[in-house]
Amino acid sequence: MFSYWAYILIGNNDTGKTSFQKHLVFDLCGREYDRLPRNLLTEITHPRMPRGVATLSTMNRSYQEKIDEYIDISGFFRNSFKQGDVCILSSHTHDPSIVHLKDMIHELRIRAYNVGAVFFSNGFNKDAEQISLLDWDERLWLENPPANSPDAIQSQIARLAREFSEMLIARASVS
C-alpha cells in the first residue's frame, strides 16, 4: 500500500521555492541543474527510497508566474502537470493565489493525492495565514530565516531540502 503525496510550496518571490526544488531533485534523483526545467518528471534514484516510489514531479516556477501560459488551473493540470509518485508544486500567496490553491487541491485530490502545504518562514505573511486555513492534509514549516550572504542562503536551503528528502524517504518506508 502506498499513499501519493503532493506538496505545494507557498511563498512569494525570493523565499527559496525554486532553489529548494533544485536541491530536492539533486538529493533524490542525483540530477543537478543550473536552471531547473519547468514541469519536470525525474526518476528517483536515492538508494534508501523504497521500491515503488519511482518518480518526482517538480513544477519549478510558481503557478502565478506562468498564468498566461497555463490560462487556468485545469489547463495547467491538463497540459503541463507531470504526475509523479511525489509531486512538488509552487504558488505565491498574494491575491488571488488562495483561489488558485483551492483549485490545485481539488485537481490533486481528483488524482488521489494527499496534499500538503509547505510554508517558508521568510514568506509567511497575512495572505499565507489565510492559505493555511485551507483544507490541507498536512502543513509543513520550513524555518528559513534571512541569511547574510547568497552562499549562506543556498546552504540553508540545501539543508532544508535534505531534511525534506529524509522525511519523504521515511514516509515512503511506512506507507
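Bear in mind that the values in this text are calculations on the coordinates, not laboratory data. These figures come from a predicted structure and were not determined experimentally. Cβ: placed from backbone, ideal geometry, glycine included. Neighbour counts: every protein chain shown.
With N residues in segment 97-175, what two-decimal value do you get for its Cα radius of gyration over 2.2 N^0.38 Å? Don't skip to the answer; put the middle values down first.
Details: Rg = 14.6 Å, N = 79, 2.2 N^0.38 = 11.6 Å.
After normalising by residue count via 2.2 N^0.38 Å, the value is 1.27.
Need the list of aspartates and glutamates near Lys22 for cross-linking: C-alpha distance under 17 angstrom, and skip anything on the same chain fewer than eight residues off.
Within the straight-line cut-off, Lys22 pairs with Asp14, Glu32, Asp34, Glu43, Asp151, Glu163, Glu166.
Using +1 at the C-beta of Lys and Arg and -1 at the C-beta of Asp and Glu, which of Pro50, Pro37, Ser149 has the Cα lying farthest in the positive direction of the dipole of segment 1-155?
Toward the positive end, the furthest listed residue is Pro50.
If you average over every viewing direction, what projected area does the convex hull of the Cα atoms of segment 76-129 give, in nm²?
Mean projected area of the Cα convex hull: 4.1 nm².
Along segment 60-77, what does the Karplus equation 6.51 cos²θ - 1.76 cosθ + 1.60 (θ = phi - 60°) give for ³J(HN,Hα), rounded to whole Hz, x for Gly and Pro?
Each residue of segment 60-77 in turn: 6, 6, 4, 3, 5, 6, 10, 4, 5, 7, 7, 6, 7, 4, 5, x, 4, 5 Hz.
Just order 10-16, 48-54 by mean Cβ neighbour count inside 10 Å, highest at the front, would you? It would help to have the intermediate numbers written out before the result.
Details: 10-16: 21.0, 48-54: 13.9.
Packing order, densest peptide first, comes out as 10-16, 48-54.
Cα convex hull of the chain: how many Å³ per residue?
Spelled out: Cα convex hull of the chain, divided by residues, is 108 Å³.
Share of antiparallel DSSP beta bridges in the chain, in percent to the nearest 5? Walk me through the intermediate numbers first.
Values: 4 of 25 bridges.
Of the beta bridges lying entirely in the chain, close to 15 percent run antiparallel.
Residue farthest toward the positive end of the dipole of the chain, with Cβ of Lys/Arg at +1 and Asp/Glu at -1: which of Gln130, Ile73, Thr93?
The Cα lying farthest towards the positive end belongs to Ile73.
Can you list residues from other chains, or at least 5 along the same chain, whose modelled amide H is less than 5 Å from the amide H of Arg139?
Answer set, sorted by chain and number: Ala117.
Rounded to the nearest 20 Debye, what is the dipole magnitude of the chain about its Cα centre when Lys and Arg each give +1 and Asp and Glu each give -1 at the C-beta?
So the dipole magnitude of the chain works out to roughly 460 debye.
Show the residues, 5+ positions off or on another chain, whose built amide H is closer than 5 Å to the amide H of Tyr4.
For Tyr4, whose amide H was placed from the backbone, the distant partners under 5 Å are Asn114.
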